[in-house]
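Participant: One structure is given below, represented as structure tokens, and several questions about it will come after.
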Amino acid sequence: MSDRFGTVEGIDALVPALELRGVTRRFKQGASHLDVLKGVDLTIRRGEIIALVGPSGSGKSTLLQIAGLLEKPDGGEVSLAGNSCNGMRDDARTRMRREKIGFVYQYHHLLPEFSALENVMIPQILRGLSRKESRVRAMELLSCMRLADRVEHRPGRLSGGEQQRVAIARALANAPDVLLADEPTGNLDPHTADAVFNLLMQLVRGAGLAAVIATHNPELAKRMDRTLRLEDGHLVSG
């Protein structure tokens, strides 16, 4: 059964929420090529939170884009809940992405003409929920993010930390199985970043999601279940 955060009991815990096998990605640079990912393997199960670290330009964002079905690898396989995404049509990839994956970026990318509440409602409405259902869940998530008194504010009237909390609520609006976050607190001051990260972790753990969080902050990485480092196109422990 689902609780208010969208967790589901009875899902086979042996089936990885997200799995990458031999994923490669190459970019053309003039007459040469740059191999960013060189056969990356990753398995993450529900309830597990992984810190993804590595220097700028190492390919962390590319890896998250591929894992989130926003970009196709040049080789290898991406599977969600045991279902291979290779060969999926674009409409099927879009549907899978909308229903199974939540994204949080360094910059919130909220729609400026809509309120915080509407920004969290929109993904649910696009999935087919009624406005009433979408509003109820959006209010619950924003309350959990300590924004109950700010739900009618547009992004321009919110602080940076508040905007990012709205973005986190939006990422969880459709009760995804997997959360992918790319430097979600990288644009915030240390105090605000810590507060936002605490709320993010509470929601992710409460929902039992699989999460991959890219960060440059070693202290935040230590608070996750395990750390994977992207080095020379390969994932290594620690």
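The values are calculated or read from the model by the stated rules, or taken from the named source; none is laboratory data. Only a predicted model underlies this, so the values are computations on that prediction, with no experimental measurement involved. Counting neighbours? That spans all protein chains shown, and the Cβs are built from the backbone with ideal geometry, glycine included. Ligands, DNA and RNA are stripped out before the accessible areas are found, and what is left, the full protein with its side chains, is counted by its heavy atoms. Shrake-Rupley method; radii C 1.70, N 1.55, O 1.52, S 1.80 Å.
Participant: Evaluate the following for ARG146: is it within 21 Å of THR192 (Cα to Cα), under 21 Å from the mean Cα position of the chain (by Cα) and of a type in the set (Lys, Arg)? Step through it out loud before you land on a result.
Facilitator: Working: within 21 Å of THR192 (Cα to Cα): yes; under 21 Å from the mean Cα position of the chain (by Cα): yes; of a type in the set (Lys, Arg): yes.
For ARG146, the condition - within 21 Å of THR192 (Cα to Cα), under 21 Å from the mean Cα position of the chain (by Cα) and of a type in the set (Lys, Arg) - is met.
Participant: Same structure, new question: What number goes with the only condition from (1) surrounded by fewer than 21 Cβ atoms within 10 Å (Cβ to Cβ); (2) part of a loop (DSSP other than H, G, I, E, B); (3) modelled with pLDDT under 95 that HIS191 does not pass?
Facilitator: (2)
Participant: Could you tell me whether VAL236 is open to solvent by 40 Å² or more (accessible area, probe 1.4 Å), closer than 17 Å to GLY54 by Cα and either in a strand (DSSP E or B) or touching a residue at least 60 places away in the same chain (Cβ under 8 Å) (or both)?
Facilitator: yes
Participant: Moving on to the next point. Select from the range 25-42 the residues that are of a type outside the set (A, V, I, L, M), over 19 Å from ASN83 (Cα atoms) and under 21 Å from the mean Cα position of the chain (by Cα) and list them in ascending order.
Facilitator: ARG25
Participant: With the requirement that a residue be within 26 Å of GLY57 (Cα to Cα) and surrounded by 23 or more Cβ atoms within 10 Å (Cβ to Cβ), what does the range 164-182 give you?
Facilitator: GLN164, ALA167, ILE168, ALA171, LEU179, LEU180, ALA181
Participant: If a residue has to be of a type in the set (Gly, Ala, Ser), surrounded by fewer than 21 Cβ atoms within 10 Å (Cβ to Cβ) and in a strand (DSSP E or B) to count, how many in the range 35-72 make the cut?
Facilitator: The total comes to 1.
Participant: Please go through the range 79-102 and give me each residue that is open to solvent by less than 60 Å² (accessible area, probe 1.4 Å) and without any contact (Cβ under 8 Å) to a residue 60 or more places away in the chain, ordered by number.
Facilitator: The answer is SER84, CYS85, MET88, ALA92, ARG93, THR94, MET96, ARG97.
Participant: Identify the residue in the range 114-160 that is touching a Pro at 6+ places or on another chain (Cβ under 9 Å) and open to solvent by less than 30 Å² (accessible area, probe 1.4 Å) and, among all such residues, is farthest from ARG98 (Cα to Cα).
Facilitator: PRO155
Participant: Using the structure shown, decide if ILE101 is touching a strand residue (DSSP E or B) at 6+ places or on another chain (Cβ under 6 Å) and β-branched (Val, Ile, Thr). Can you show your working first?
Facilitator: Working: touching a strand residue (DSSP E or B) at 6+ places or on another chain (Cβ under 6 Å): yes; β-branched (Val, Ile, Thr): yes.
Yes; evaluated as a whole, the condition is true for this residue.
Participant: Check off (1) surrounded by 15 or more Cβ atoms within 10 Å (Cβ to Cβ); (2) in contact with a helix residue (DSSP H, G or I) (Cβ under 9 Å, 6 or more places away or on another chain); (3) in a strand (DSSP E or B) for PHE27 and give me the number that stays unchecked.
Facilitator: (1)
Participant: Going by what's in this entry, would ARG137 be described as part of a helix (DSSP H, G or I) and of a type in the set (D, E, K, R)?
Facilitator: When the stated conditions are applied, ARG137 passes them.
Participant: Go through (1) surrounded by 16 or more Cβ atoms within 10 Å (Cβ to Cβ); (2) touching a residue at least 40 places away in the same chain (Cβ under 8 Å); (3) within 30 Å of VAL40 (Cβ to Cβ) and name the single condition GLU231 misses.
Facilitator: (1)
Participant: Sticking with this structure for a sec: Which of the residues spanning the range 52-89 are among the charged types (D, E, K, R) and in contact with a strand residue (DSSP E or B) (Cβ under 7 Å, 6 or more places away or on another chain)?
Facilitator: Result: LYS60, ASP74, GLU77.
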